[in-house]
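Below: one structure, written as structure tokens.
The values are calculated or read from the model by the stated rules, or taken from the named source; none is laboratory data. Model, not experiment: these values are computed from the prediction. Backbone-built Cβ (ideal geometry, glycine too); neighbour counts: all protein chains shown.
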Amino acid sequence: MTAGPAHGGDDASEWRDVGSVDDFPAGAPRLVRVGGRRLAVVRLPGPDATFRAVDDACPHAGDPLSLGVVFEGRLACRAHGWAFDLETGACVAGDRAARVVRHRAEARGERVFVRLETAP
């Protein structure tokens, strides 16, 4: 899935439409491409449409986090089991000094928007 600017322009600080809320089943990470970056976007399980987004590459060996497993607000890499807190980006299983870059993500009506961040 590739996303373009939500309101035109190429400013990385802009919110980008990445798809319909229905495109994101709860607890199943999805790969999206925004501004040339690969992101893993997760709809958290629960009654609200709460979304989180992180860079798609695990800092351990570069495996795609979009193919990982979501549990208890964490995203685990399928390759070696490193897990990251989706709220903070901190590694909670693996090298505790590692982090993934988090990006802001939210539902607006029936659409999901992401805003790229440059630092963890």
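Would you point out which residue out of Ala49, Ala107 is more than 12 Å from the chain's Cα centre (by Cα), part of a strand (DSSP E or B), surrounded by 15 or more Cβ atoms within 10 Å (Cβ to Cβ) and hydrophobic (A, V, I, L, M, F, W, C)? Full working, then the answer.
Working: Ala49 fails: part of a strand (DSSP E or B).
Exactly one residue qualifies, and that residue is Ala107.
Starting from segment 51-77, take each residue that is hydroxyl-bearing (Ser, Thr, Tyr) and list its partners that are crowded, with 21+ Cβ neighbours inside 10 Å, counting only C-beta distances under 7 angstrom and pairs at least six apart or across chains.
Ser66/Pro29; Ser66/Ala40; Ser66/Asp56
Check segment 6-16 and report whether any residue there is closer than 25 Å to Arg96 by Cα, hydrophobic (A, V, I, L, M, F, W, C) and modelled with pLDDT of 95 or more. Break it down stepwise before answering.
The initial filter retains those residues of segment 6-16 that are closer than 25 Å to Arg96 by Cα, namely none.
So far as segment 6-16 goes, no, none of its residues is closer than 25 Å to Arg96 by Cα, hydrophobic (A, V, I, L, M, F, W, C) and modelled with pLDDT of 95 or more.
If Arg43 satisfies all but one of (1) closer than 15 Å to Leu116 by Cα; (2) surrounded by 15 or more Cβ atoms within 10 Å (Cβ to Cβ); (3) at pLDDT 95 or above, what's the number of the condition it fails?
That leaves (1) as the condition not met.
Within segment 88-104, count every residue that is surrounded by 15 or more Cβ atoms within 10 Å (Cβ to Cβ) and not aliphatic (A, V, I, L, M).
Counting residues in segment 88-104 that are surrounded by 15 or more Cβ atoms within 10 Å (Cβ to Cβ) and not aliphatic (A, V, I, L, M) gives 6.
Just to be sure, is Gly36 over 15 Å from Val112 (Cβ atoms) and either modelled with pLDDT of 95 or more or not charged (D, E, K, R) (or both)? Explain how you work it out, then say what you get.
Numbers: over 15 Å from Val112 (Cβ atoms): yes; either modelled with pLDDT of 95 or more or not charged (D, E, K, R) (or both): yes.
In short, yes.
Out of all the residues in segment 14-44, which are assigned to a loop (DSSP other than H, G, I, E, B) and among the hydrophobic types (A, V, I, L, M, F, W, C)?
Step one: list which residues in segment 14-44 are assigned to a loop (DSSP other than H, G, I, E, B), which gives 14, 24-25, 27-29, 35-36, 44.
Answer for segment 14-44, where residues must be assigned to a loop (DSSP other than H, G, I, E, B) and among the hydrophobic types (A, V, I, L, M, F, W, C): Phe24, Ala28, Leu44.
Among the residues in segment 26-36, are any touching a residue at least 12 places away in the same chain (Cβ under 8 Å) and at positive phi?
We begin by selecting, within segment 26-36, every residue touching a residue at least 12 places away in the same chain (Cβ under 8 Å); these are 26-35.
After this cut, where a residue has to be at positive phi as well, the list is 27, 35.
Taking every residue of segment 26-36 in turn, at least one turns out to be touching a residue at least 12 places away in the same chain (Cβ under 8 Å) and at positive phi.
Can we say Ala26 is small (Gly, Ala, Ser) and surrounded by fewer than 16 Cβ atoms within 10 Å (Cβ to Cβ)? Explain how you work it out, then say what you get.
Working: small (Gly, Ala, Ser): yes; surrounded by fewer than 16 Cβ atoms within 10 Å (Cβ to Cβ): yes.
So Ala26 fits the description; yes.
From the set of residues in segment 52-79 that are more than 28 Å from Gly109 (Cα to Cα) and in contact with a Leu (Cβ under 9 Å, 6 or more places away or on another chain), which is surrounded by the most Cβ atoms within 10 Å (Cβ to Cβ)? It would help to see each step written out before you state the result.
Our first condition is that a residue be more than 28 Å from Gly109 (Cα to Cα); within segment 52-79, this holds for 57-64, 76-79.
Applying the additional criterion that residues be in contact with a Leu (Cβ under 9 Å, 6 or more places away or on another chain) yields 57-58, 64, 76-79.
Details: Ala57: 19, Cys58: 28, Pro64: 16, Ala76: 20, Cys77: 26, Arg78: 14, Ala79: 15.
This residue is Cys58.
Of everything in segment 53-99, what is touching a Gly at 6+ places or on another chain (Cβ under 8 Å), under 23 Å from Gly36 (Cβ atoms) and in a strand (DSSP E or B)? Give them in sequence order.
Val54, Leu75, Arg99 - these are the residues of segment 53-99 that are touching a Gly at 6+ places or on another chain (Cβ under 8 Å), under 23 Å from Gly36 (Cβ atoms) and in a strand (DSSP E or B).
Go through (1) surrounded by fewer than 17 Cβ atoms within 10 Å (Cβ to Cβ); (2) of a type in the set (Asp, Glu); (3) touching a strand residue (DSSP E or B) at 6+ places or on another chain (Cβ under 6 Å) one by one and return the number of the condition Asp85 breaks.
Every condition holds for Asp85 apart from (1).
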